[in-house]
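The block underneath contains the structure these notes are about, expressed in structure tokens.
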Amino acid sequence: MLWSLLKIVLFVAAVAGLTLGAGYLMESSGGVQVTAGGMEFTLGPLQSVIAAIVLVFVLWVVFKLVSLLIAILKFINGDDTALSRYFDRNRERKGYQAMSEGLLALASGEGKLAMAKAQKAERYLHKPELTQLLTAQAAEMTGDTRKAEEVYKKLITNEQTRFVGIRGMMKQKLAKGDTDTALKLAERAFALKPKHEEIQDLLLQLQASKHDWQGARKTLSAKLKHGALPRDVYRRRDAVLALSEAKDIMDEDKPIEAREAAIAASKGSPDLIPGAAMAARSYIAQDKPKLATRILKKAWSVQPHPDLAAAFAEIAPDETPSARMKRFGTLTSINPEHRETKLLKAELALAAEDFPEARRAVGNLAETEPDARVLTVMAAIAKGEGAAEPVVRGWLAKALLAPRGPQWVCDKCNHIHGEWVPVCANCEGFDTLSWRSPPQSDVAPAGAEMLPLIIGSLEDRSAEAEAATEAEEAHEVLTPAPETPADPLDGAETSPDLKRDVPDAETVEDTAEGSHGAVEHEKAK
């Protein structure tokens with residue numbers, strides 16, 4: 001608004017100035033005197049201005065004629081394009097002007113305007129290698145993928161723009177989900193420009209997603225060769241590819257090759273936990289427990305992990321819990337303050353039923369890192385030490401609400417995986433999984449707020465039941481037994497069946513007399 005007002009004010013001021021100047025010229029009495037060839041010409045003020053304008057125009061025509069003369073001379077001397085360049089200079093100026101306006105429209109998000117400017121530039125310039133690229137990008141912006149694909153195909157036919165066309169087609173296929181065609185286009189683009197980092201990364205990702213581990217290792221070597229990858233990162237990713245290749249070979253029942261690839265992976269990157277575990281198991285299969293122990297201890301020193309402990313247990317699967325605790329001492333002595341080491345010692349002690357040692361091993365993890373695994377171990381310790389059932393249930397209730405602890409989490413999209421994989425199942429990122437705790441949501445699960453109330457009510461009910469039992473026992477001790485028991489049949493409504501079973505008084509007397517006679521007879525004998 002302010003700029004528009006300023007332009008209007010400047011325009012009015014310019015018109016006023018010109019009007020004032022013209023008035024001064026009309027009122028002035030002076031002029032310009034020109035003497036040429038003995039003749040003198042006197043021009044008035046207005047005539048002087050007109051003469052100046054005519055002189056400028058004549059000079060411009062002279063310069064044009066001189067430029068045309070120079071172009072004719074160059075053409076006579078053998079420059080076949082001299083005259084065409086002279087006459088096309090104005091067209092080129094208009095074409096480049098339209099090109100620049102199209103680029104500005106593309107940068108500002110005006111796709112349709114950019115396509116119109118590209119068509120105008122093509123009419124003036126006749127340079128498809130420039131205008132077609134602008135047209136393709138503008139078509140992509142407006143969502144016209146068919147038009148963009150047609151233009152990219154035209155660019156592929158030109159040797160100068162072949163790489164640009166292949167790259168554009170590759171992105172088109174990736175957007176459509178056609179990874180097979182995109183992989184072939186990426187290989188062609190990589191052959192044209194092996195130093196292009198974007199093509200290197202895309203080709204590596206596509207090869208990894210297709211399980212082309214050998215091709216991916218070649219691409220990774222090219223990245224290292226051209227300086228696009230540090231050597232330590234190269235070793236890590238090459239180990240990942242070697243491990244992935246080993247897993248595929250193992251699935252194909254080729255254990256020897258798998259063992260060699262796993263061992264190479266563990267040597268290339270000791271912090272690659274799946275590689276170390278697989279290499280250790282391959283040594284165990286070869287009856288080489290010392291080599292397996294060495295690999296696992298080295299990996300444990302870098303990062304303790306449950307998979308390493310599981311592989312270490314497979315070295316001697318039939319040992320007793322006490323013997324296992326003793327053998328694991330060589331592993332738990334490394335990184336003793338790590339949470340995984342503490343939990344491993346606690347679980348070994350639980351297996352050996354040494355509950356005080358398990359409590360000492362856990363330490364203060366229940367306060368500092370209360371995840372589901374730690375709280376479950378605490379519940380097992382409480383159960384083993386003979387704690388009340390409500391105490392054990394309390395630990396288990398806390399474990400249900402606690403976070404699960406470290407897992408295989410993608411560093412790009414935070415997707416959680418049950419086991420390690422080289423390529424993320426969600427975002428298809430290569431070598432993006434790390435063993436860490438995933439970000440937790442602040443929203444508690446449904447019904448979680450009722451769990452402490454349920455546990456509390458169970459504790460109250462158990463306390464009431466214990467109090468009632470104690471009261472009954474005390475009442476039985478303090479209440480004396482009756483001296484003469486009352487007849488259970490008095491005052492009671494006896495059923496017909498019970499009346500048939502109860503004898504009458506005469507029957508009781510006859511039975512007593514018979515018994516007395518039998519006793520006297522025995523005495524007589």
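Some notes on this structure:
- The sole residue among Glu428, Glu353 that is in contact (Cβ under 8 Å) with a residue 60 or more places away in the chain, open to solvent by 60 Å² or more (accessible area, probe 1.4 Å) and either on the phi > 0 side of the Ramachandran plot or part of a strand (DSSP E or B) (or both) is Glu428.
- Near pairs, Cβ below 6 angstrom, 6+ apart or cross-chain, from the stretch 223-247 (over 23 Å from Ala191 (Cβ atoms) and at pLDDT 85 or above) to any residue that is open to solvent by less than 50 Å² (accessible area, probe 1.4 Å) and among the acidic types (Asp, Glu): Val240/Asp431
- Test: residue in the stretch 395-402 that is modelled with pLDDT under 90 and outside any helix (DSSP H, G or I): yes
- So Thr161, is it among the hydroxyl-bearing types (Ser, Thr, Tyr) and touching a Lys or Arg at 6+ places or on another chain (Cβ under 6 Å): no
- Yes/no for Glu150 being open to solvent by 30 Å² or more (accessible area, probe 1.4 Å), within 24 Å of Ile166 (Cα to Cα) and not aliphatic (A, V, I, L, M): yes
- Ala310 vs. criteria among the hydrophobic types (A, V, I, L, M, F, W, C) and in contact with a helix residue (DSSP H, G or I) (Cβ under 9 Å, 6 or more places away or on another chain): yes
- Residues in the stretch 312-334 that are of a type in the set (Val, Ile, Thr) and either open to solvent by 60 Å² or more (accessible area, probe 1.4 Å) or on the phi > 0 side of the Ramachandran plot (or both): Thr320, Thr330.
- Just one of the listed residues (Ala279, Ala309) is of a type in the set (A, V, I, L, M), modelled with pLDDT under 90 and open to solvent by less than 30 Å² (accessible area, probe 1.4 Å), namely Ala279.
- Among the residues making up the stretch 122-176, those that are among the polar types (S, T, N, Q) and within 30 Å of the chain's Cα centre (by Cα) are Gln137, Thr142, Thr145, Gln172.
- Residue within the stretch 250-259 that is open to solvent by 20 Å² or more (accessible area, probe 1.4 Å), at pLDDT 85 or above and either within 20 Å of Gly418 (Cβ to Cβ) or touching a strand residue (DSSP E or B) at 6+ places or on another chain (Cβ under 9 Å) (or both) present: no
- Scanning the stretch 405-425 for residues that are open to solvent by 70 Å² or more (accessible area, probe 1.4 Å), part of a loop (DSSP other than H, G, I, E, B) and within 24 Å of Thr376 (Cβ to Cβ) turns up Gly418, Glu419.
- Of all residues in the stretch 5-17, none that is open to solvent by 100 Å² or more (accessible area, probe 1.4 Å) has its Cβ atom under 7 Å from the Cβ atom of a residue that is part of a helix (DSSP H, G or I), 6 or more apart or on another chain.
- If you go through the stretch 361-386 and pick out every residue that is farther than 18 Å from Leu400 by Cβ and surrounded by 19 or more Cβ atoms within 10 Å (Cβ to Cβ), you end up with 2.
- Within the stretch 1-48, tally of residues that are modelled with pLDDT under 75 and over 60 Å from the mean Cα position of the chain (by Cα): 27
- The residues of the stretch 179-197 that are out of contact with any helix residue (DSSP H, G or I) (no Cβ under 8 Å at 6 or more places or on another chain) and not in a helix (DSSP H, G or I) amount to a single one, Lys195.
- Any chance Val164 is under 23 Å from Trp420 (Cα atoms), open to solvent by 20 Å² or more (accessible area, probe 1.4 Å) and assigned to a helix (DSSP H, G or I): no
- Residues that are over 37 Å from the mean Cα position of the chain (by Cα) and either acidic (Asp, Glu) or within 17 Å of Arg327 (Cβ to Cβ) (or both) within the stretch 352-389 comprise Ala352, Glu353, Asp354, Glu357, Glu385, Glu389, listed in sequence order.
- Residue tally, condition of a type in the set (S, T, N, Q) and either over 22 Å from Ala228 (Cα atoms) or in contact with a strand residue (DSSP E or B) (Cβ under 6 Å, 6 or more places away or on another chain) (or both), over the stretch 169-216: 5
- From Lys117, Lys112, residue being open to solvent by less than 70 Å² (accessible area, probe 1.4 Å) and not hydroxyl-bearing (Ser, Thr, Tyr): Lys117
The values are calculated or read from the model by the stated rules, or taken from the named source; none is laboratory data. Keep in mind that this is a model prediction, so the values were computed, not measured. Please note: Cβ atoms are built from the backbone with ideal geometry, for glycine as well, and neighbour counts cover all protein chains shown. SASA here: full protein model, heavy atoms, side chains in, ligands and nucleic acids out. Shrake-Rupley method; radii C 1.70, N 1.55, O 1.52, S 1.80 Å.
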